[in-house]
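Below you'll find the structure, written out as structure tokens, and then a few comments.
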Amino acid sequence: MPGFEYFGIEEKNEINDVISTGVLFRYGFDSQRDGHWKAKSFEQEFAKKVNANHCLLVSSGTAALSAALAACGIGYNDEVIVPPFTFVATIESIIFAGAIPVFANIDETLCLDPNDLESKITKNTKAIIPVHMCGSMANIEKIQSICKKHNLLLIEDTCQSTGATINGKALGTFGDIGCFSFDSVKTITCGEGGCIITNDELLYKKADQYSDHGHDHNNIDRGAENHNIFGFNFRICELNAAIGLAQLKKLDMILEKQRENKKLFKDELKKYSDISLRVVPDEKGDSATFLSFFLPTKELAIKTISELKKQNVDSCTYWYDNNWHYIRKWNHLKDLKGPAPLSQKQYENLPDYNNLELEKSDDIISRCISMQIKLSWTQDDINIRLNKINNVLKTVLG
Ligand SMILES: *Cc1c(COP(=O)(O)O)cnc(C)c1O
């Protein structure tokens, strides 16, 4: 991670196809585009890759989440259960829809704890959005059966785990809709972009229309098309789709390198009895963008991350005090009302995100450190890094 580490002639060639025709729009212009349909091609290839019936490429992962919520008819006052550890976009998309995020704990998978879901379900609950964080996966089959039992929609935020699988089945295909991000630092990138996948044709059609002002996409004359639903503009540009198409062809190569590099660091950490590794429900399906591990206490985790920084071991993150990924820094969602869409009363009812009771999640995240697995590391880089990490851990753990 990220896919831009493997940029090359393939991305240039795909972009040149688009530049040479001048057609940047993903729809229409049939005679001018010289057979180049980058967004459409990406959708076909991605759907094949994850074995889903439908894929819709949009302008970002956040747009994908919004289109998914809209397609599912989730809106005013509906409740959506989410984990407190994600990228803030998951929560933004729910509030943007006029719905209310309800937080359940995570477990040692760093994803939603299936055992903490049922107590959070109310008569207003419409959906659960598990987030497959940091390249690996939630216990999605257990979450899926809870959704079935309570007749809830399941939307998977797979933005950080493109290419990950459970028993060979792609993450994002367990729910009603799976959402992916191809922003500039994700496993594969369009520069900016994202997609939804689904096997439900009606959900696909609604998302497709919603992301293009309601256009029904049923007429060669775009201006004469009908609008059956309210819509917005979440369209992808052909240039971004073109980059994504080149990157998609590199996904298997990216995953293979990440897995190979991750194993070296994982084997080293296993030598420390005080360190436990993140629980990964299917090790073989891990996309291996990150290696995440737990120290015995919060104090030792803080000491470890500060030593790693001192030793210039780059790309390590302590999520607990991170502004963008953990709930304890998210009171802006409640306080900075600005142009945001909830009513005054809804805002008053949102909990204080600094103090909401999530003891188990706090314990897990406050002991956790993640390190990004790079594609571009040489054997020398890896040896130096292993050496530094061992020095840090020996210093901290004694
Ligand atoms: C990146 C990300 C998003 C949003 O994707 P963008 O393409 O940046 O809008 C949503 N959820 C998670 C978990 C992410 O990591």
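The values are calculated or read from the model by the stated rules, or taken from the named source; none is laboratory data. Only a predicted model underlies this, so the values are computations on that prediction, with no experimental measurement involved. When we count neighbours, we look across all protein chains shown, and the Cβ atoms used for this are built from the backbone with ideal geometry, even at glycine. In case anyone asks, the SASA skips ligands and DNA or RNA and just uses the protein heavy atoms, side chains included. Shrake-Rupley method; radii C 1.70, N 1.55, O 1.52, S 1.80 Å.
Going by average Cβ density within 10 Å per residue, which order do the peptides 10-17, 342-349 take, highest to lowest?
10-17, 342-349
Would you mind calculating the gained length between Leu264 and Lys394 on full extension (0.36 nm times residue separation, minus the Cα-Cα distance), in nm to one decimal?
Using 0.36 nm per residue and subtracting the Cα-Cα distance, I get 45.0 nm.
Quantify, in whole percent, the carbon and sulfur part of the accessible surface of the chain (1.4 Å probe; protein heavy atoms only).
That share works out to 50 percent.
Quick one: helix 38-50 against the long Cα principal axis of the chain, what's the angle to the nearest 10°, folded into 0 to 90?
Taking the Cα atoms of the chain, the angle to 38-50 is about 50 degrees.
Quote the convex hull volume per residue of the stretch 229-335, based on C-alpha atoms, as a whole number of Å³.
Output value, Cα hull per residue: 222 Å³.
Could you give the accessible area per residue of the stretch 1-61, probe 1.4 Å, as a whole number in Å²?
Accessible area per residue: 52 Å².
Write down the accessible area per residue of the stretch 256-349 in Å², having rolled a 1.4 Å probe over the full set of protein chains.
I get 53 Å² per residue for the stretch 256-349.
Using unit Cβ charges (K, R positive; D, E negative) and no other charged atoms, how large, in debye to the nearest 20, is the dipole of the chain about its Cα centre?
In total the dipole reaches around 660 debye.
Multiplying the sequence separation of Glu10 and Glu283 by 0.36 nm and subtracting their Cα-Cα distance, what value in nm do you get?
Value of the extension gain: 95.2 nm.
Name the residues whose placed amide hydrogens come within less than 5 Å of the amide hydrogen of Phe103, ignoring near sequence neighbours (fewer than 5 apart) on the same chain.
Hits under the 5 Å cutoff: Val82.
How far apart, in nm, are two points set 7 Å out from the Cα along the Cα-to-Cβ line at Lys310 and at Asn124?
Distance between label points: 4.8 nm.
Once R0 is set to 22 Å, what does the formula 1/(1 + (r/R0)^6) return for the Cβ-Cβ distance between Asn77 and Asp335, expressed as a FRET efficiency to the nearest 0.05?
Using R0 = 22 Å, I get an efficiency of 0.60.
May I ask for the angle, rounded to the nearest 10°, between helix 379-397 and the longest principal axis of the chain, with both axes built from Cα atoms and the value confined to 0 to 90°?
It works out to around 50 degrees.
Return the sequence-ordered ³J(HN,Hα) values of the stretch 349-356 in whole Hz as given by the Karplus equation 6.51 cos²θ - 1.76 cosθ + 1.60 applied to θ = phi - 60°, using x for Gly and Pro.
7, 5, x, 6, 5, 6, 10, 3
Can you give the FRET efficiency for Phe29 and His227, using 1/(1 + (r/R0)^6), R0 = 25 Å, r = Cβ-Cβ distance, to the nearest 0.05?
0.75
In Å², what does the accessible area per residue of the stretch 144-185 work out to with a 1.4 Å probe?
34
Which whole-Hz couplings ³J(HN,Hα) result when phi for each residue of the stretch 314-330 is put into the Karplus expression 6.51 cos²θ - 1.76 cosθ + 1.60, θ = phi - 60°, listed in order with x for Gly and Pro?
Those phi angles translate into 6, 6, 10, 10, 9, 6, 4, 10, 7, 5, 10, 10, 10, 3, 5, 10, 10 Hz.
Relative to the first principal axis of the alpha-carbon coordinates of the chain, what is the inclination of helix 201-210, with its axis defined by its Cα atoms, in degrees from 0 to 90 and to the nearest 10?
80
Could the peptides 326-334, 219-227 be put in order, highest first, of the mean number of other beta-carbon atoms found within 10 Å of their residues?
In decreasing order of mean packing, 326-334, 219-227 become 326-334, 219-227.
Can you tell me the FRET efficiency between Asn219 and Asn323 if r is taken as the Cβ-Cβ distance and R0 is 56 Å, rounded to the nearest 0.05?
Given R0 = 56 Å and the Cβ-Cβ separation, E is 0.75.
For the stretch 8-140, report the convex hull volume of the alpha-carbon atoms normalised per residue, in Å³, without decimals.
Value for the stretch 8-140: 146 Å³ per residue.
Can you tell me how much longer the chain between Asp352 and Glu108 gets when fully stretched, taken as 0.36 nm per residue apart minus their C-alpha distance, in nm with one decimal?
Additional length available on full extension: 85.4 nm.
If Rh is defined by the Kirkwood formula over all Cα pairs and Rg also comes from Cα, what ratio Rg/Rh do you get for the stretch 89-131?
Taking Rh as the inverse mean 1/r over Cα pairs, Rg/Rh reads 0.97.
Counting only helical runs of four or more DSSP H residues, what would the 222 nm mean residue ellipticity of the chain come to if each run contributes -39,500 (n - 2.57) and the total is spread over all its residues?
That calculation yields -11000 deg cm²/dmol at 222 nm.
What is the chain's relative contact order, in percent, from Cα pairs under 8 angstrom and six or more apart in sequence?
20
To the nearest µm²/s, what D does Stokes-Einstein give for the chain at 10 °C and 1.306 mPa s, using the Kirkwood radius over alpha carbon pairs as Rh?
Rounded, D is 72 µm²/s.
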